[in-house]
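Below you'll find the structure, written out as structure tokens, and then a few comments.
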There are 2 protein chains.
Amino acid sequence: MVKQEIKINWLENMAFEADVSGHKITIDAGEQVGGENRGPRPKPLLMVGLAGCTAMDVISILKKMRIEPEEFNVRVEGDVTEEHPKQFERMKVIYEFKGENLPMEKLQKAVSLSEERYCGVSAMYKKAIEMTSEIVILN
Amino acid sequence: MVKQEIKINWLENMAFEADVSGHKITIDAGEQVGGENRGPRPKPLLMVGLAGCTAMDVISILKKMRIEPEEFNVRVEGDVTEEHPKQFERMKVIYEFKGENLPMEKLQKAVSLSEERYCGVSAMYKKAIEMTSEIVILN
């Protein structure tokens, strides 16, 4: 096992500063629940962690295939329950590519390798919620 | 269901910029895997999301109980597998309080309410991994 650790320190009201190996992120609630929107809500960070994990896999695999997109974005859409505890029930990952020389079968191969073999965030979330994905080539 | 969405855009190499409702976070890999450490790794963001979610619950509940700590930190320790897909197998949440008038039974009540009723991140993770917690009063 590899140990990981993070810490968040209370600033005031609903604002906290996270320390992630020296990188600082302020998180906060929205005004409607007593926060001041000084940073993102905590829950969407679960989608950022997923997007980052799989995107780093995909761009590394594509590089080995000698494929370099001009643009590459990953969007994650999540559905959160309305009842407490308000939690994700599903997430959809949308891989968006733009550029020349982007054979769909290679993109699919890179995405599948991430989803099935390398992305540990995806692997963990699949045990708890419904996960789907889509590949889009932008014009 | 409530919809949530985030997007990350590829910057270069392993660096991506996340947009979370207008708040920007740069994420990156470490030098040993082709990144430049321009921001946190994606995986620890799963622990930041958890810490933030439960910390906001706890500080809100304590406020209703008219308890205000001088200091309040939440640390999360996670164990990640060494084999692909490298994923969390357990997380431990450590709630650290400092100040006068911090009755342990009230702190325990606030933490339990978050863990069992309000924190949607905790609720989701419990379906996938082992979750434990601890309350510490700092001198």
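Against the condition crowded, with 17+ Cβ neighbours inside 10 Å, over 17 Å from the mean Cα position of the chain (by Cα), of a type outside the set (Ser, Thr, Tyr) and more than 7 Å from chain A (Cβ to nearest Cβ), how does residue B:28 come out, does it pass? Break it down stepwise before answering.
Working: crowded, with 17+ Cβ neighbours inside 10 Å: yes; over 17 Å from the mean Cα position of the chain (by Cα): yes; of a type outside the set (Ser, Thr, Tyr): yes; more than 7 Å from chain A (Cβ to nearest Cβ): yes.
Against the criterion (crowded, with 17+ Cβ neighbours inside 10 Å, over 17 Å from the mean Cα position of the chain (by Cα), of a type outside the set (Ser, Thr, Tyr) and more than 7 Å from chain A (Cβ to nearest Cβ)), residue B:28 qualifies.
Considering the stretch B:31-59, the residues that are open to solvent by 30 Å² or more (accessible area, probe 1.4 Å) and free of Cβ contacts under 8 Å to residues at least 12 places away in the same chain include one that is farthest from residue A:113 (Cα to Cα), namely B:37. With respect to the conditions (1) in contact with a helix residue (DSSP H, G or I) (Cβ under 7 Å, 6 or more places away or on another chain); (2) within 7 Å of chain A (Cβ to nearest Cβ); (3) of a type in the set (Asp, Glu), residue B:57 falls short on a single one, namely (2). The set of residues in the stretch B:14-38 being under 16 Å from residue A:54 (Cα atoms) and among the small types (Gly, Ala, Ser) consists of B:15, B:18, B:29, B:30, B:34, B:35.
When the strands (runs of 3 or more DSSP E) confined to the stretch B:60-139 are screened for residues that are modelled with pLDDT of 95 or more and buried (at least 18 other Cβ atoms within 10 Å of the Cβ), those reaching at least 3 such residues are found at B:71-80, B:88-98.
Mind checking whether some residue in the stretch B:41-49 is at pLDDT 95 or above, at the interface with chain A (Cβ under 8 Å from one of its Cβ atoms) and under 16 Å from residue A:15 (Cα atoms)? Yes, the stretch B:41-49 has at least one match. Of all the numbered requirements in (1) touching a Ser or Thr at 6+ places or on another chain (Cβ under 9 Å); (2) open to solvent by less than 40 Å² (accessible area, probe 1.4 Å); (3) outside the structural domain of residue A:89 (by TED's automatic domain parsing), residue A:2 misses one, and that requirement is (2). If you go through the stretch A:87-122 and keep only what is facing chain B (nearest Cβ under 9 Å) and of a type in the set (Lys, Arg), you end up with A:90, A:117.
The values are calculated or read from the model by the stated rules, or taken from the named source; none is laboratory data. Just so it is clear, the model here is predicted, and its values are computed rather than measured. Neighbour counts are summed over all protein chains in view; Cβ atoms, including those assigned to glycine, are modelled from backbone coordinates with ideal geometry. SASA here: full protein model, heavy atoms, side chains in, ligands and nucleic acids out. Shrake-Rupley method; radii C 1.70, N 1.55, O 1.52, S 1.80 Å.
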